[in-house]
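Colleague: Take a look at the following structure, please.
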């Protein structure tokens with residue numbers, strides 16, 4: 001009797017915050033996993049426990065913007081590589097654009113050659129500073145092509161267009177997940193986004209930096225909920241973009257106050273000018289995810305923040321501070 005072949009998946013950006021959680025989930029589902037990352041924003045610490053599983057897990061140090069070749073069979077390709085923090089937009093904008101354009105092209109080409117199902121990790125940033133609220137998948141967005149955030153926003157919009165072109169022209173089996181604000185263990189300490197900023201500052205007893213009046217809104221999902229949505233989407237037959245996020249909305253100031261309360265800190269809130277193109281509202285319409293995937297978040301923002309705070313407080317972050325961007329700070333996505 002011939003043993004059933006185990007499925008094999010490539011995760012680009014697999015040593016990043018979200019990518020490392022995805023690698024773990026795929027391994028738990030019985031996959032063989034190839035993790036590809038150049039550690040531009042990821043960290044080997046994120047996949048350190050997996051490196052010992054040599055029969056199941058392989059780490060490849062490679063920039064997906066260069067030609068991608070993975071020997072052997074592949075059943076699924078998850079393109080999750082990309083810097084995604086506001087602190088990175090002014091620091092490495094060309095790298096971000098190359099990852100969204102060349103990296104998507106290279107990973108799509110590999111998936112096509114292998115006959116593999118393909119998933120693009122897109123973002124709520126494709127909606128820009130939205131004029132429609134909450135944001136549903138058919139909304140085309142309000143995005144600046146030349147602003148400081150455009151390197152990321154437009155890279156992801158192009159990546160979506162390229163993915164759909166391969167789907168239609170080459171009849172490839174593709175998926176697009178639009179990821180909304182996600183929190184959890186392995187976020188970078190100096191990521192530059194709202195939650196890591198607030199947690200780092202409150203643990204140090206520093207004032208929490210809120211940009212603008214803090215009335216702009218965000219919705220926070222826990223990383224485990226996101227990964228569940230990603231897995232369900234890949235297993236589904238849905239080829240349209242799908243929002244995966246928590247539809248419960250909070251103001252940025254409310255998030256800051258929640259972090260202070262959960263930490264028991266006496267930190268105050270310090271207001272700074274609002275950065276260019278910082279979205280005023282960010283909240284997903286998850287009707288499609290509910291109807292097509294039977295998915296909705298199981299972890300509330302407060303619980304997710306508490307788990308993230310506990311991880312940071314444990315000192316497990318293990319990631320170095322990137323070069324500071326002189327041009328951008330903000331809450332991001």
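A short reminder: the numbers here are calculations on the coordinates, not readings from a lab. Nothing here was measured: the structure is a model prediction, and the numbers come from that model. A quick note on method: Cβ atoms are made from the backbone with ideal geometry, for glycine too, and the neighbour counts reach across all protein chains shown.
Colleague: Give me the log10 of I(q) over I(0) for the chain at q = 0.08, 0.10 Å⁻¹, as the Debye formula computes it from C-alpha points; what are the numbers?
Modeller: Normalising to I(0) and taking log10 leaves -0.34, -0.54.
Colleague: Roughly how many Å is it from the Cα centre of segment 189-262 to that of segment 107-185, as a whole number?
Modeller: 19 Å
Colleague: As a test, work out the antiparallel percent of DSSP beta bridges whose residues both lie in the chain, rounded to the nearest 5.
Modeller: On the way: 2 of 38 bridges.
Of those bridges, close to 5 percent are antiparallel.
Colleague: While we're looking at this one, here's another question. How do 82, 251, 267, 219 line up, fewest other C-beta atoms within 10 Å first?
Modeller: 251, 267, 219, 82
Colleague: Quick one: order 204, 162, 233, 305 by neighbouring beta-carbon count within 10 Å, fewest to most.
Modeller: The most exposed by this proxy come first: 204, 162, 233, 305.
Colleague: Sticking with this structure for a sec: Please give the length that would be gained between residue 113 and residue 268 if that part of the chain were fully extended, namely 0.36 nm times their separation in residues minus their C-alpha to C-alpha distance (nm, one decimal).
Modeller: Extra length from residue 113 to residue 268 when fully extended: 50.3 nm.
Colleague: Then there is this: So how do 104, 163 line up by other beta-carbon neighbours within 10 Å, fewest first?
Modeller: Arranged by neighbour count, lowest to highest, 104, 163 become 163, 104.
Colleague: If you don't mind, there's one more thing I want to ask. With springs only between Cα atoms under 10 Å, which of 132, 11, 64 fluctuates most in a Gaussian network model of the chain?
Modeller: Sorting by GNM fluctuation, first place goes to 132.
Colleague: Note the angle between two axes, namely the Cα long axis of helix 194-203 and the longest principal axis of the Cα atoms of the chain, as a number of degrees from 0 to 90, rounded to the nearest 10.
Modeller: Between helix and principal axis, roughly 60 degrees.
Colleague: Kirkwood Rh over alpha-carbon pairs of segment 199-305, then Stokes-Einstein at 37 °C and 0.692 mPa s: what D in µm² s⁻¹, rounded to an integer?
Modeller: 214 µm²/s
Colleague: Tell me the angle of helix 150-169 to the major Cα principal axis of the chain, expressed in degrees between 0 and 90 and rounded to the nearest ten.
Modeller: The angle comes out at about 30 degrees.
Colleague: Please compute the contact order of segment 64-133 in relative form: average sequence separation of alpha-carbon pairs under 8 Å and at least six residues apart, divided by the residue count, as a percent. Intermediate results must be reported in sequence, preceding the final value.
Modeller: Working: 65 pairs, mean separation 34.2, N = 70.
So the answer I get is 49 percent.
Colleague: Could you identify which residue out of 75, 37, 191 has the top mean-square fluctuation in a GNM of the chain using Cα springs shorter than 10 Å?
Modeller: Between 75, 37, 191, it is 75 that shows the largest mean-square fluctuation.
Colleague: Something else about it: Calculate for the chain the 222 nm mean residue ellipticity that helices alone would give, adding -39,500 (n - 2.57) per DSSP H run of length 4 or more and normalising by residue count, nearest 500 deg cm²/dmol.
Modeller: So the calculated ellipticity at 222 nm is -9500 deg cm²/dmol.
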